[in-house]
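Here the structure is laid out as structure tokens; the discussion comes afterwards.
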Amino acid sequence: MKRELPLSPLDQMIDIVSRFAHDDERYETVIPFLSLLRSSRPTPVTRGVLQPSCCVILQGGKRIHLGTDVLDYGPGEYLVVSVDLPASGQVLNATPGRPYLLLNIEFDPREIAAIVAEARIAMADDAQPVRGAFVGKSDAGLLEALNKLVRLLDAPAAEAAFLAVGLKREIIYRLLTGEYGQQLYQNVVLDQQDRGISKAIAWLKDRFDQPVKVEDLAQATNMSVSSLHHRFKAVTTMGPMQYQKQLRLQAARTLLLNGDIDAGTAAYKVGYESQSQFSREYRRLFGAPPMQDVKKLRA
């Protein structure tokens, strides 16, 4: 009689997540920092702002566009994002029988910096800025930690929320000590030390609807204008003013989707003085004029 082989950690997670994610949407779980995404078919390209997180694909495949960079990842691979990044993405591989399934684990960069210090993880101090998002492949230790986290979805809510905190720390530790740990360290810890690009991004987010001068941003972050441009583009793939423009347009799109307002009002609320400029830049980013784009999204 042939003995059945035990399921791999990846297959175990697929079985559990499939029970919780029934439809093509995002699912919040009893674990505050963990959400699930499912899609039974490939999707068109959509734009948004990636938040600091680790996204692990269990099944299917996805493509992320960061400026001119293209990042593809599939089962057992992850996308780590260390700063808020305007980006576009699409599900590439998904069918009703084998839907795209993804774990989204949100984190605060300060958590990563704390674990480096507490665990005394030895890293090289390379001052060169690196891209704020990268793709890596999960090793056995990381997959097992992820599997333990997903298994908590079957536990009582209070138990799951409490035990998940330790597993999140283990997952971050595994990422830092894995093959791509140096890149995560540079993205988060070195930037935390001098508050460089993270501070610049926070400054722009607080003032996305206001007129901004690059000189003021450089002064606020203790950098020269040329250094600011170089480091900001190295991390985000775009310059500070382009970044602010994308924040404005993303915010306007959200206002149009969630409220009963016209394009002119949305443009004014996010800082545009010219409605024609707003419509032109909105169409360039999203591929259609504001109200036509929103109508399509609602449909």
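Structure notes:
- Filter pass, ARG248 being in a helix (DSSP H, G or I) and more than 24 Å from ALA218 (Cα to Cα): no
- Boolean, ARG169 is among the charged types (D, E, K, R), modelled with pLDDT of 95 or more, more than 16 Å from VAL83 (Cβ to Cβ) and not in a helix (DSSP H, G or I): no
Residues checked against (1) within 28 Å of MET123 (Cβ to Cβ); (2) in contact (Cβ under 8 Å) with a residue 60 or more places away in the chain:
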residue	(1), (2)
ALA200	yes, no
ASP206	no, no
ALA220	yes, no
SER224	yes, no
TYR243	yes, yes
LEU255	no, no
MET291	no, no
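- Note on the stretch 87-128: residues that are in a strand (DSSP E or B) and under 15 Å from the mean Cα position of the chain (by Cα) total 10.
- Among the residues making up the stretch 151-175, those that are in contact (Cβ under 8 Å) with a residue 60 or more places away in the chain and more than 15 Å from VAL30 (Cα to Cα) are ILE171, ILE172, LEU175.
- The residue of the stretch 257-278 that is surrounded by the fewest Cβ atoms within 10 Å (Cβ to Cβ), among those that are free of Cβ contacts under 8 Å to residues at least 40 places away in the same chain and under 19 Å from LYS205 (Cα atoms), is GLU273.
- Condition met for VAL49 (aliphatic (A, V, I, L, M), more than 12 Å from VAL135 (Cα to Cα) and not in a strand (DSSP E or B)): no
- Within the stretch 27-71, the set of residues being closer than 21 Å to PRO99 by Cβ, of a type outside the set (A, V, I, L, M, F, W, C) and under 14 Å from the mean Cα position of the chain (by Cα) comprises SER35, THR46, GLY48, SER53, LYS62, ARG63.
For (1) without any contact (Cβ under 8 Å) to a residue 40 or more places away in the chain; (2) of a type in the set (Ser, Thr, Tyr); (3) touching a Phe, Trp or Tyr at 6+ places or on another chain (Cβ under 8 Å), each residue gets a yes or a no:
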residue	(1), (2), (3)
ILE105	no, no, yes
GLU111	no, no, no
ASP139	no, no, no
ALA145	yes, no, no
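- Subset of the stretch 26-50 (residues that are surrounded by 18 or more Cβ atoms within 10 Å (Cβ to Cβ) and hydroxyl-bearing (Ser, Thr, Tyr)): THR29, SER35, SER39
- Pairs meeting the criteria (first residue in the stretch 64-86 and closer than 30 Å to ASP11 by Cβ and in a strand (DSSP E or B), second residue at pLDDT 95 or above and among the acidic types (Asp, Glu), beta carbons under 9 Å, at least 6 apart or on different chains) are ILE64/ASP72.
The values are calculated or read from the model by the stated rules, or taken from the named source; none is laboratory data. Please read these numbers as outputs of a predicted model, since none were measured by experiment. Here Cβ is always computed from backbone atoms with ideal geometry, including for glycine, and neighbour counts include all displayed protein chains.
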